[in-house]
Amino acid sequence: MNAATLFVRCLEAEGVDHIFGIPGEENLAFLEALRTSSIRLVLTRHEQAAGFMAATYGRLTGRPGVCLSTLGPGATNLVTAVAYARLGGMPLIVITGQKPIKHSKQGRFQILDVVRMMEPITKSTRQVASGSAIPSLVREAFRLAAKEKPGPVHIELPEDIAAEEVATTPHTPSLVRPAQADPELVGEAARRIRKAKRPLLLMAAGANRHDVCGHLRRFIDTTGMFFFSTQMGKGAVDQRHPRSLGTAALSDHDYLHCAIERADCIVNVGHDVVEKPPFFMHRDDGRTVIHVNVFPAQVDDVYFPQLEVVGDIGESLQLMADIVGRCPGADDDYLRRIKEHIDAHVYATGLTNSFPPTPQSIVSEVREAMPENGVLALDNGMYKLWFARNYRAYAPNTLLLDNALATMGAGLPSALAVALLRPGTPVAALCGDGGFMMNSQELETAVRLGVDLTVMVLRDDGYGMIKWKQAGMELPVHGLDFGNPDFVRYAESYGATGHRVSAPDGLRQTLRRCLATPGVHLIEVPVDYSENEKVFIEELRSKTCLL
């Protein structure tokens, strides 16, 4: 067999069932090997979307997703998605083609040093120089991609190497589990928690995994600790839990930060400083911060934990819960009152009769329409902040957002990956008009694949987040407005069904109808962002923390 066939067999041995991407002429031997394999090629309309889909596959399954492109421009189009997986901790294998490396008749046409280009944004990047090396390269790539902290690994397969005849077989994947944390440090963490008067538990991105979430729930129920999450930790434990204080969507000054400011011990589970800080540490704030993760803390100016419990997260939580029991010194009264304020000011229904709807109203309508097992994938924009703060997530990975690279254009491809991998699950994407148009062509991919998917496009004809920042700096609005197509007709041109919200309660009704109707749907939703300054600046500036 040739090396391309060996490569595909190695992918099969790793359990790969989907590859997302766009092949080129340099990938044709690889493409032919895929044709007779058990792996499904998901052809996208842009390599960036393929990368986002593969990264989301990794995020949902814990196994590396795989994406494919040709050389040169195909590879450069993957860069944003690779960085998305790198910062977001999503296991990803990136395969790119290349011209022949032994004899080439095309000079330097389309040739870039893709291996070096990928170095800063991957865990490893290698060119295949010999077909017989493929089994080792692929096995190591999958091991590295899944190893904590998960991330992307790149392999370049040149055209002439792919055609080489080889006589070797794939490696058998090995089983690895994280090491157990130092028992002395686990005991010390438990001692500090037992001593605390106002302990808090923080759940971050590394906690939002199925092998951790059950341990988190047991830890909370055993100790009685109040908890909150970062944006990417939302849903690790049901946010309707009586001890939930919500999400740190802002870094300071929100109602939740009244609890954080008075906490004397914060247990950070799965936190990584690549995510926007949920709170700022200060050298003289007098509280203990305990870092619980598979890897050590990366210290910076606002995160320098005094104690690190490094090892298998679920096992560490179980051991600490057994030692702590019910927090004996905790003073719950203050945190209960803070929770009442959060429920009243953040989670109170935002439904109004105003039109266009405010972000709070949109959050409320979407939450009421989405089933408990429904998955909502967000793009990036002003609305993401509102959903991160005001939307209750009921289960792990039911609100997918990116608070690491925070790139626009990822919402639709991410939702499409969920719809493809979890048929029968209600799935919706929520995008701003700016982010949606960056990968809107993937509507055709969704229609062609025959998935059930609803896409909500919030229309304000401009880059709303940057407008808000511009206004906050007391600068005149400049350079941030644009035009849009008729989104209903745009969706219909791809074979999807278009809808337009034109009444205060229209979104809830339309979304429910779309989620219950097979096929691809797009809902155009006007949005009024005039509440941004009122809530996030004026209201929070005037709030008073309870004494």
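The values are calculated or read from the model by the stated rules, or taken from the named source; none is laboratory data. None of these values were measured; they are calculated from a predicted model. Reconstructed Cβ throughout: ideal geometry from the backbone, glycine too, with neighbour counts over all protein chains shown.
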Legend entry - First in the stretch 254-277 and over 21 Å from residue 148 (Cβ atoms), second anywhere and at pLDDT below 90 and buried (at least 24 other Cβ atoms within 10 Å of the Cβ), Cβ under 7 Å, 6 or more apart: 257/279; 260/279
Legend entry - Any pair with Cβ under 8 angstrom, 6 or more apart, that starts in the stretch 234-253 at a residue that is closer than 21 Å to residue 404 by Cβ and in the same structural domain as residue 215 (by TED's automatic domain parsing) and ends at one that is modelled with pLDDT under 95 and of a type in the set (Val, Ile, Thr): 236/212; 246/342; 246/346; 248/260
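Inspect the stretch 52-64 for any residue being small (Gly, Ala, Ser), touching a helix residue (DSSP H, G or I) at 6+ places or on another chain (Cβ under 9 Å), without any contact (Cβ under 8 Å) to a residue 24 or more places away in the chain and assigned by TED's automatic domain parsing to the domain that holds residue 129 and give the result as yes or no.
The answer is no; no qualifying residue exists.
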Legend entry - Number of the exception - residue 260 against (1) among the β-branched types (Val, Ile, Thr); (2) buried (at least 17 other Cβ atoms within 10 Å of the Cβ); (3) under 24 Å from the mean Cα position of the chain (by Cα): (3)
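Among residues belonging to the stretch 1-46 that are part of a helix (DSSP H, G or I) and not hydrophobic (A, V, I, L, M, F, W, C), point out the one that is nearest to residue 99 (Cα to Cα). Walk me through how you get there before you give the answer.
Let us first name the residues in the stretch 1-46 that are part of a helix (DSSP H, G or I), namely 3-13, 25-35.
Imposing the further condition that a residue be not hydrophobic (A, V, I, L, M, F, W, C) reduces the set to 5, 9, 12, 25-27, 32, 35.
Details: 5: 18, 9: 22, 12: 25, 25: 9, 26: 6, 27: 10, 32: 17, 35: 22 Å.
Taking the candidates together, the pick is 26.
Mind listing whichever residues of the stretch 325-353 are within 32 Å of the chain's Cα centre (by Cα) and either part of a loop (DSSP other than H, G, I, E, B) or among the hydrophobic types (A, V, I, L, M, F, W, C) (or both)?
The first filter runs over the stretch 325-353 and keeps only residues within 32 Å of the chain's Cα centre (by Cα), leaving 335-352.
Residues satisfying the conditions are 335, 338, 342, 344, 346, 347, 348, 349, 350, 351, 352.
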Inset, instruction - Return a yes/no flag: does the stretch 243-260 have any residue that is assigned to a loop (DSSP other than H, G, I, E, B), closer than 25 Å to residue 535 by Cα, in contact with a Ser or Thr (Cβ under 8 Å, 6 or more places away or on another chain) and of a type outside the set (Phe, Trp, Tyr). - result: yes
Legend entry - Criterion violated by residue 525 - all others in (1) among the hydrophobic types (A, V, I, L, M, F, W, C); (2) within 21 Å of residue 448 (Cα to Cα); (3) in contact with a helix residue (DSSP H, G or I) (Cβ under 8 Å, 6 or more places away or on another chain) satisfied: (2)
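Look through 377, 388 and report the one residue that is assigned to a helix (DSSP H, G or I) and surrounded by 24 or more Cβ atoms within 10 Å (Cβ to Cβ). Please lay out each step first, then the result.
Details: 377 fails: assigned to a helix (DSSP H, G or I).
Sole residue among the options that is assigned to a helix (DSSP H, G or I) and surrounded by 24 or more Cβ atoms within 10 Å (Cβ to Cβ): 388.
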Inset, instruction - Could you list, in sequence order, all residues of the stretch 158-185 that are surrounded by fewer than 23 Cβ atoms within 10 Å (Cβ to Cβ) and among the β-branched types (Val, Ile, Thr)? - result: 166, 168, 169, 172, 176
Inset, instruction - Would you please name the residue that is nearest to residue 187 (Cα to Cα), looking only at residues in the stretch 283-309 that are out of contact with any Leu (no Cβ under 8 Å at 6 or more places or on another chain) and in a strand (DSSP E or B)? - result: 293
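For the stretch 425-438, check the following and say yes or no: at least one residue is under 23 Å from residue 501 (Cβ atoms) and either of a type in the set (S, T, N, Q) or modelled with pLDDT under 95 (or both).
In the first step, residues of the stretch 425-438 are kept if they are under 23 Å from residue 501 (Cβ atoms); the result is 426-438.
This time we only want the ones that are either of a type in the set (S, T, N, Q) or modelled with pLDDT under 95 (or both), so: none.
Looking for residues that are under 23 Å from residue 501 (Cβ atoms) and either of a type in the set (S, T, N, Q) or modelled with pLDDT under 95 (or both), one finds none in the stretch 425-438, hence no.
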Inset, instruction - Would you mind telling me which numbered condition in (1) assigned to a helix (DSSP H, G or I); (2) farther than 26 Å from residue 411 by Cβ; (3) out of contact with any helix residue (DSSP H, G or I) (no Cβ under 7 Å at 6 or more places or on another chain) residue 145 fails? - result: (2)
Legend entry - Pair list, Cβ under 8 Å, 6 or more apart: the stretch 128-152 residue more than 10 Å from residue 14 (Cβ to Cβ), other residue modelled with pLDDT of 95 or more and among the hydroxyl-bearing types (Ser, Thr, Tyr): 140/124; 144/124; 151/122; 152/122
Legend entry - Boolean, residue 460 is surrounded by fewer than 19 Cβ atoms within 10 Å (Cβ to Cβ) and not hydroxyl-bearing (Ser, Thr, Tyr): no
